[in-house]
Amino acid sequence: MSTVTLKKVCKTFGEGELAVHALKDVDLEIKAGGFLCLSGPSGSGKSTLLNMVGGLDRPTSGEITVADKRIDLMSKSELAEIRLHNIGFIFQAYNLIPVLTARENVEFVMQLQGIPTEERHQKSTNILREVGLEGLEDRKPLELSGGQQQRVAVARALVSEPALILADEPTANLDSTNAENLMNLLRHLNDDHKITFLISTHDKLVMSHARRLLKLHDGQIIDDIQQR
Amino acid sequence: MGITFHLAWRNLWRNRRRTWLTAGAIAFSTILLVAWVPLQFGAYDIMINASLNVFPGHAQIQRPGYQDKPKIRNSINNAEALAKQLRGSDQYQGVSVRAQGFALLSSGSRSYGAQVVGVEPEFEGNTSSIPGLIKQGRWLSSIDAQEIVIGSTLARNLKLEVGDEVTLLGGGKDGSVAAAIFPVVGIFKSGSNDLDRFFAEIPLRTFQNTFSMGASAHTITIVAKSVEEQPQLLDALNDAIKGRNDVVVVGWEQLVPGLKEGIQIDKVSGFIFLGILIAVVVFSILNTFLMSVLERIREFGLMLALGLKPRRIAGLMMLESTLLTLLGLTIGIFIGSLLVYWAHVEGFAYPGLEDLAEQYNLPGLSRIYPQLKLINFLIGPIFIFIATSIVAWIPILRIRKLEPVEAMRTI
Amino acid sequence: MDPNIAHPQAGTGGGDAYHMMIKTLPLLSALGWRNLWRRPKRTFVILFAITLGVWFMIVSAGMMIGIIEQQVRDMIFNLTGHAQVHHPDYRDDPAIEHSMLLPSKKLQAVLNSAEVKQWSSRVRLPAVVMSERESRGVMLVGIEPLREQGLSFIGEPVVAGRALQSIDDNGIVIGRRMAEKLETQIGKRIVVMAQDKHGEVADRGFRIVGLYQAELEATETGYIFTGLSTAQKLLGMSEISEISLITENRDEIDSLVARLSAAEPQLATQSWTELEPLMVTALEVYDNFMIIWYLIIFAAMAFGLINTMLMSVFERTREIGLFQALGMRPSFIVIQVMIETLMLLLIGITLGNLAGWFTIDVIFADGIDLTQFARGLDAFQMSSIMTFQLEARDIVTINIMVIALGLLASLYPAAKAARYIPIEAITRT
């Protein structure tokens, strides 16, 4: 079964002569449990594609289906619900809520979902342990290193048990050791929990971990490589 | 200067919404003050004019001590000659001679005490609005006519209609009994409770005969072209009576005690209120100025690193906040002036105002017209400008102590 | 964790969203509270503006209510009372033929009921008073001295000489300023002339036994007092002009007035609101004015409030985008901004109320002495000691108004925040 399907998706910014075609008739199918990497130069449409799948942006034309639902037809509130329950996000930086501690950041989504305190606490403890942040639960983001912050972000994306996690340049602000650790963590999660990953990057290290590598250029998929 | 001005203006529009909101706050308080102050002073003008024009006038010439003890024997001689001389000078709007006494007015079985005034029917209209406020019947016909006009409440209490007769009983100047019967020819309604309840007017000559006054009278009432010219009026009158030590000039502030002090209290409390209101506005916009400095600390660091002097940056920021204040002031003065113009044409009315004014013996205060003086328009904006400049410049002073590297590290 | 398990889906109904909102309130409140203190200086400045505004509303309300209340009390104490009973024509034409009989048993029964604190009969008729030198028109009032205590100013001690002692007292008490006008003093005699029951002019000499003082000159020169029986004897009457009474609560007098009317339907019973309609107009004018005044002060605060919240939201653009990416609905973002505003408002209001209370009940507990402006205050019929007074109704009005309008004002920045498009919000640096 497919987790994500794109049919003839176009995205145009601006109008007339100034129009920029970020995506041109993109067709894509991502199977459940996939570990997919989007690569390509800046402006090739990686982020746009990712944002479309996450419901953060709407296509100009075409259909997008996530978990059997046409998200291109949804209202803002419905999109929020889909993101809350089905999709997790990891961004390149500054993506934690600065006034909340690591644990509170992780529990944030569960609180929105209305999960009871006990269960929340249990889950956040487990997840933070799983990403190797035991003992740092009550620190605020500014008191954590870049790698640790990114692990909190991963924990948060993971904790709501989404079918799909979207990551936009997750290693961009990390040194190579931390980047390697993060990718190992993501692969491990993919193996153990069968979560589908869609990662945009131009980091060679990230590409090397991908099971399927998509190359984008000028808003079109120019290469689709299955690895390992 | 050119480039600094340009830069300041551009910076102002980097955050349009905030600029408009801040200018809006300044404009709001400016509108309030620009519209309020002329109306407030206009209301005082109307209060003063209404209380003075109905009867007391702007100044009176009396025997010394008459103001405190208005007794019938405290009269002045040659009053009419002096009045004629004053009228000859043409600088007064009205001059009239009056004699006053207390009498018991009776009709049928009713008796009420009243202030009876002897007036010159020909000239009284220039110094008092009562002749123009006759609601039934007519005004006195000649200086020696045997007739009387009375206040509306008094008429009701005495059950008198125009054409009925009223008996007057009082004490003459020489101690004799003053008694007479007059037909009521007119009933006036001034809007002042005191006048309508306790006042009656008869021709001067008739008064003098009834009260055994001979040719004497009690006051010469003068109304100047404007109540603003009070000092000049008093000077001119003192000049006119030079050489006579049996008379003095009494200004309106003594004629209507309390009016000036009342206005004074109202002015002071009004200004305190507006002052605090400005303080609320100022604190409400302080954040804008504070943030516009704080959020640009990094930018200032860069400018410092490029070799700009801190003084220059502070100057730029001051210019920026001054432009913002002026923008708000301009909008405020424009809209405020429109409101004042509207009030000038239409008059400002407030429900219940007229009823209240009557209770405070302020006839005719049904609509307020603004006092159109430049200072009234400028006083508010000047205060707002000073207040906003002070708060705008407080955060700017910090720029002078800024170190470039430290500043650039600030997020 | 199984990715294939279906999760609860979007838009399952309004009740659900409401439920969720309640559950997330603690989270949103915690976020709001911490956000407030990210820029303490900014928060303090806007708090100060709100506090100042609320303080100003409360103090100006206290001042206005104090002045009005003083005027109402003076008016009631100035021989008006809370209600009066008259011959039906007396009010329009206060003449001797419009007198009324002494209260009947039925009327007395109502007048003696528990809710009436004090009542008294009076003769009150126009007269002329003459000293050796001057004459004035006045109201001659014959009173029951003991029953006037607590009912009107004449029940209070006099400033010179003695007060009247009984209804047979044949001395006369006049105003201090009246004595000056008449150029007379205590111990001297004055002549009072008035029309008696038969339409003849009755006159008689009285010895001045006391001088009273009142706030307003008009009162002091308007009334002279003697014993009720003495006045009746002079005027050859056995009737009275009016009955005046006061109760425990001047605002709940309608039922008493109705019962008095029922006891003596041929007489006119009127409450103070009917006796002094201008005072009621004044109260209404002041009430309306105060609402306008509150709105003006609020508007002055609102600019700052909106601007501060806008800045705060603008600074957090990325964060708000993140909330949305994490699945927070736009309506929750609106609520978050409103909660933050509500916290600011609640703190500001609390401080403003405290400051207002402190100003009114501690600093100016004894009122402000304005004796030096007495003549001017007289022109506005004001007392020379200005006392502050607060009523629960006005405090509630101020607080509810500030919170309601404050939240309304916060809708603008809140809506702005909710409309941030997540993608732009996140990519903006």
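The table below gives the values:
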| quantity | calculated |
| --- | --- |
| Hydrodynamic radius of the range B:57-255 per Kirkwood, over alpha carbon pairs, in Å | 17.0 |
| Projected area, mean over directions - the range A:94-184, Cα convex hull, nm² | 5.7 |
| Extent along principal axes [Cα atoms of the range B:59-119; Å; largest to smallest] | 49, 24, 18 |
| Net charge over other residues, Cβ less than 10 angstrom from the Cβ of C:N78 (K, R count +1; D, E count -1) | -2 |
| Overall Cα dimensions of chain C, principal axis frame, Å, largest first | 110, 48, 29 |
| The range C:260-323 - convex hull of the alpha-carbon atoms, volume per residue in Å³ | 121 |
| Spacing of the two label points (7 Å from each Cα toward its C-beta) at C:D168 and A:D68, in nm | 10.9 |
| Principal-axis tilt of helix B:230-240 within chain B, Cα atoms, nearest 10 degrees | 40 |
| Pairwise Cα inverse-distance average, inverted: Kirkwood Rh of the range C:306-363 (Å) | 13.4 |
| Amide H partners (placed H, <5 Å) of C:G227, local residues excluded | C:I143, C:D169, C:G171 |
| The protein assembly as shown, dipole about Cα centre (Lys/Arg Cβ +1, Asp/Glu Cβ -1), debye to the nearest 20 | 3160 |
| Computed magnitude of the charge dipole of the range B:48-167 (debye, nearest 20; Cβ of K, R +1, Cβ of D, E -1) | 420 |
| Rg/Rh ratio calculated on Cα atoms of the range C:83-249 (Kirkwood radius) | 0.96 |
| Three-way shape call for the range C:206-246 based on the alpha-carbon gyration tensor, with the a/c threshold at 1.5 | oblate |
| Tilt relative to chain A, helix A:117-130 - C-alpha long axis, 0 to 90 degrees, to 10 | 80 |
| Lys/Arg +1, Asp/Glu -1 at C-beta; chain B dipole; positive extreme among B:I272, B:I382, B:G186 | B:I382 |
| Relative contact order (percent, whole number), chain C, Cα cutoff 8 Å, 6+ residue spacing | 25 |
| Distance in nm between pseudo-label sites at B:N78 and A:K140 (7 Å out along the Cβ direction from Cα) | 9.3 |
| Quotient of Cα Rg and 2.2 N^0.38 Å for chain A, N being how many residues it contains | 1.00 |
| Under 27 Å, Cα to Cα: Lys pairs in the range B:57-255, sequence gap 8 or more or different chains | 17 |
| Sequence-distant aspartates and glutamates (8 or more away, or on other chains) whose Cα lies within less than 14 Å of A:K215 | A:D27, A:D203, A:D223, A:D224 |
| Exposure proxy order (Cβ contacts within 10 Å, fewest to most) of B:K260, C:K197 | C:K197, B:K260 |
| Relative intensity, log₁₀ I(q)/I(0), of the protein assembly as shown from a Debye sum that treats every alpha carbon as a point, q = 0.06, 0.07, 0.09 Å⁻¹ | -0.68, -0.79, -1.04 |
| Karplus-derived HN-Hα couplings along the range A:160-177 (A = 6.51, B = -1.76, C = 1.60, θ = phi - 60°), whole Hz, x at Gly and Pro | 7, 6, x, 7, 9, 10, 9, 10, 9, 6, x, 9, 4, 9, 10, 6, 5, 5 |
| Residue order, fewest to most beta carbons within 10 Å, for B:D196, C:D92 | C:D92, B:D196 |
| Cα gyration tensor, the range A:97-139 - rounded (a/c under 1.5), prolate or oblate | oblate |
| Nearest-ten-degree value, helix B:16-54 long axis tilted from longest Cα axis of chain B | 10 |
| Net +/- balance of residues flanking C:L228 in space, Cβ distance below 14 Å, scoring K and R +1, D and E -1 | -2 |
| Under the Debye formula (equal points on every Cα, no solvent term), log10 I(q)/I(0) of the range C:59-151 at q = 0.13, 0.21, 0.25 Å⁻¹ | -0.64, -1.17, -1.36 |
| Where N is the number of residues in chain B, Cα Rg divided by 2.2 N^0.38 Å | 1.45 |
| Rg ratio (alpha-carbon, reference 2.2 N^0.38 Å) - the range B:129-230 | 1.15 |
| Anisotropy class of the range B:73-188 from Cα gyration tensor, a/c 1.5 cut | oblate |
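None of the figures in this text is laboratory data; all of them are computed from the coordinates on show. Just so it is clear, the structure is predicted and the values come from calculations on it, not from any experiment. In this analysis, Cβ positions are derived from the backbone assuming ideal geometry, glycine residues included, and neighbour counts consider all displayed protein chains.
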